[in-house]
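Chemist: Before I ask anything, let me first share the structure, which is written out below as structure tokens.
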Amino acid sequence: MIEQPISGPTVGHPLVDNAKMSMRDVNVFYGDKQAIFGVDLDIAENQVIAMIGPSGCGKSTFLRSLNRMNDTIDICRVEGTLKLDGQDIYDPKLDVVPLRARVGMVFQKPNPFPKSIYDNVAYGARIHGLVSRRTELDEIVETSLQKAGLWNEVKDRLDEPGTGLSGGQQQRLCIARTIAVSPEVILMDEPCSALDPIATAKIEELIAELSENYTIAIVTHSMQQAARVSHRTAYFHLGKLVEVNETEKVFTNPDHELTEAYITGRFG
Amino acid sequence: MDKLHFNEHISKRFNEDLEDLKSQLLEMGGVVEQQTINAVKAIIGADSDLAEKVIAVEDDVDKREVNLDEQCTLVLARRQPAASDLRMVVSVIKITRDLERMGDEAQKIAKMAIQLTESGASPHGYVEIRHIAAIVQQMVNDTLDAFARYDVAMALKVAKQDKTVDQEYASAMREMATFMMEDPRSISRVMNVIWALRALERIGDHAMNIAEHVIYLVEGLDVRHNTASEIEEQLAKR
């Protein structure tokens, strides 16, 4: 097994020309403990970036800092510059509610509200005041469910509880709920880890379709999934961003020895 | 230590799978290398018994090819290898193919040896065969060494030798044409020598292909369809 201290800058191409989100020198702390060390990374518009790395490497922490989900943890502190379309998302004057509409999130376990399928999808549009008429809301619910590939399966039972759907359907419902508020970026934190292979395949197919119109950042423990769905792959190790490259390159000929060791199963 | 770290997976069985692929490929390489040596010995020494043996080995080579392909498929299915592991499996699949084709060429040389022995061999062209065979056999040996040691410098050396073989082959062809013009009765025998020379030249090509696969395996750089100097340039840039 390979033990190598991490030193030096991120290898590969962490920065791009068409960045939707730009992060510079990001450090994240939980109390005294530092979880993320000086990460520079761009997330390209209408692309999927996969974040991979061993447990505890900071990939989820980093993902959560992209829409200030870390704000909910008292001891968590984020330093550095994080911009969405050039706008500082940690600007104290910025309201996080619209930010989280622009940067939506899908979690590991499907978490539908204990409401009907319809209300699950309509919820965001309602609280963000996106619609004034019921017909508009109906339209948002239908297109969101269609984009999430769930419409045909649920169109005749929109009044039934979202929690009655299968795990894979629930996850697609959560994706529909995220899409309903017209986000620009979708963050996904291991969205398939609780799903069977068929449901996983459907979500992966959906990610590919969504990437035509949305910018997506996905954290995954499945390296094959990262290889299948992403355009770029970022490898985190002990809180540092070790390598970012085209996914094709990362999985055939990574630049960093640690990335190679991780994706080939040489350390755990 | 294994410089591509093929023996350092968390899964020991994965280490063994890859080790197996490597050792079986090298065994197959050894068989084909010996086949080539014996085929040349048979033609120069007018030894049809030895030539028959070379032909008989072909079955074994074919079986090894099928077996290695099957094992590579299983590793792909079971392990979904990535990075150097993936390049290892892909390279083994390709090298196996080249080795099998080398075996076919050795078999052709052996068949020419039998025909030449039966027709009362003439010494015309044997100098050329011996000369090209010496270069090609060294290439085969070096290319297998390069694979065994993941040695890019050695692989590059093999790639460079291919041009020498091509030049020697072209010059041998001119010699053969001269023999045929000088003595038209020798045409059919000289033709057999030409076929053998051609087979040797092809073995050299396959040795070069293997060298390219070794470079891909070690460096992740696809250098096919390039001249040796272009390959050298690409390697120098890294």
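The values are calculated or read from the model by the stated rules, or taken from the named source; none is laboratory data. Please read all numbers here as calculations on a predicted model, not as lab measurements. In this analysis, Cβ positions are derived from the backbone assuming ideal geometry, glycine residues included, and neighbour counts consider all displayed protein chains. Surface accessibility is based on the protein's heavy atoms, side chains included, excluding ligands, DNA and RNA. Shrake-Rupley method; radii C 1.70, N 1.55, O 1.52, S 1.80 Å.
Chemist: Under the rule of at least 5 residues apart or a separate chain, name every residue whose amide H is placed under 5 Å from the amide H of A:Ala35.
Modeler: A:Val28, A:Phe29, A:Tyr30
Chemist: Now for a different question. Taking the Cα atoms only, what angle lies between the long axis of helix A:197-210 and the longest principal axis of chain A, rounded to 10 degrees?
Modeler: With both axes taken from Cα atoms, the answer is about 90 degrees.
Chemist: Okay, moving on. Output the Cα-based Rg and Dmax of the stretch A:2-70 in Å, rounding Rg to one decimal and Dmax to a whole number.
Modeler: 12.8, 36
Chemist: Just to be sure I understand: of the beta bridges DSSP finds with both ends in chain A, what percent are antiparallel, rounded to 5?
Modeler: Percentage antiparallel, nearest 5: 55.
Chemist: Could you tell me the relative contact order of the stretch A:1-99? Use alpha-carbon pairs under 8 Å, at least six residues apart, and round to a whole percent.
Modeler: That works out to 31 percent.
Chemist: At 25 °C and 0.890 mPa s, grab the translational diffusion coefficient of the stretch B:1-139 from Stokes-Einstein with a Kirkwood Rh over Cα pairs, rounded to a whole number in µm² per second.
Modeler: My calculation gives 148 µm²/s for D.
Chemist: Just to confirm the number: angle between the C-alpha axis of helix B:126-149 and the first principal axis of chain B, 0 to 90 degrees, nearest 10?
Modeler: Long axis of B:126-149 versus the principal axis of chain B: about 0 degrees.
Chemist: With a 1.4 Å probe and every protein chain left in place, work out the accessible area per residue of the protein assembly as shown in Å², rounded to a whole number.
Modeler: 45
Chemist: What is the spin-label model distance, in nm, from B:Asp69 to A:Glu209 if the labels are put 7 Å beyond Cα along the C-beta direction?
Modeler: 3.8
Chemist: Using a 1.4 angstrom probe on the protein heavy atoms only, line up A:Arg24, A:Arg177, A:Arg126 by accessible area, largest first.
Modeler: Ranked list, largest accessible area first: A:Arg126, A:Arg24, A:Arg177.
Chemist: Then there's this: Quick one: if the Förster radius is 30 Å, what FRET efficiency do A:Lys109 and B:Leu76 give, using the C-beta to C-beta distance and rounding to 0.05?
Modeler: Once rounded, the FRET efficiency stands at 0.40.
Chemist: While we're looking at this one, here's another question. Which three semi-axes in whole Å describe the equivalent ellipsoid of the stretch B:113-238, each the square root of 5 times a Cα gyration tensor eigenvalue, listed largest first?
Modeler: 35, 14, 9
Chemist: Once phi is turned into θ = phi - 60°, what whole-Hz ³J(HN,Hα) does the Karplus curve with 6.51, -1.76 and 1.60 give for every residue of the stretch B:211-220, x standing for Gly and Pro?
Modeler: Ordered by residue, 3J(HN,Hα) equals 4, 5, 5, 5, 4, 4, 4, 7, 9, x Hz.
Chemist: So who's got an amide H within less than 5 Å of the one on A:Met51, skipping anything under 5 residues away but keeping other chains? H placed 1.01 Å off N, in plane.
Modeler: Under 5 Å from the amide H of A:Met51: A:Ile218, A:Val219, A:Thr220, A:Ala234.
Chemist: I've got another one for you. Need the C-alpha centroid separation for the stretch B:84-151 versus the stretch B:168-195, integer Å.
Modeler: 22
Chemist: Hey, what do the phi angles of the stretch B:57-63 turn into as Karplus ³J(HN,Hα) couplings, whole Hz, using 6.51/-1.76/1.60 and θ = phi - 60°, x for Gly and Pro?
Modeler: Result, rounded to whole Hz: 5, 3, 4, 4, 5, 4, 4.
Chemist: For chain B, just the Cα set please: Rg and Dmax, both in angstrom.
Modeler: In Å, with Rg to one decimal and Dmax whole: 19.4, 68.
Chemist: Let me ask another. Provide the descending list of Cα extents for chain A along its principal axes, expressed in whole angstroms.
Modeler: Cα extents, longest axis first: 57, 44, 34 Å.
Chemist: List the lysines whose alpha-carbon lies under 19 Å from that of A:Lys59, not counting same-chain residues fewer than 8 positions away?
Modeler: A:Lys20, A:Lys33, A:Lys83, A:Lys109, A:Lys240
Chemist: Is it possible to state the helix-based mean residue ellipticity at 222 nm for chain B, with each DSSP H run of 4+ residues giving -39500 (n - 2.57), the sum divided by total residues, to the nearest 500 deg cm²/dmol? What is it?
Modeler: Using -39500 (n - 2.57) per qualifying helix, the result is -30000 deg cm²/dmol.
Chemist: Note down the Stokes-Einstein diffusion coefficient of the stretch B:26-96 in µm²/s, whole number, using a Kirkwood radius over alpha carbon pairs, 25 °C, and 0.890 mPa s.
Modeler: For these conditions, the coefficient is 179 µm²/s.
Chemist: Compute the angle between helix B:228-237 and the longest alpha-carbon principal axis of chain B, please, reported from 0 to 90 degrees and rounded to the nearest 10.
Modeler: 20
Chemist: Same structure again: Of B:Lys53/B:Lys111; A:Lys115/A:Lys202; B:Lys22/B:Lys94, which pairs sit farther than 19 Å apart, going by alpha carbon to alpha carbon?
Modeler: Listed pairs above 19 Å: A:Lys115/A:Lys202.
Chemist: Along its three principal axes, how long is the stretch A:69-139 when you only count alpha carbons? Whole Å, largest extent first please.
Modeler: So the three principal-axis extents are 43, 27, 17 Å.
Chemist: Need one number: buried accessible surface between chains A and B, 1.4 Å probe, both sides summed, DNA, RNA and ligands left out, in Å² to 100.
Modeler: 1200
Chemist: So what does log10 I(q)/I(0) come out to for the protein assembly as shown at q = 0.09, 0.11 Å⁻¹, using the Debye formula with one equal point on every Cα and no solvent?
Modeler: Taking Cα atoms of the protein assembly as shown as identical point scatterers yields -0.75, -0.93.
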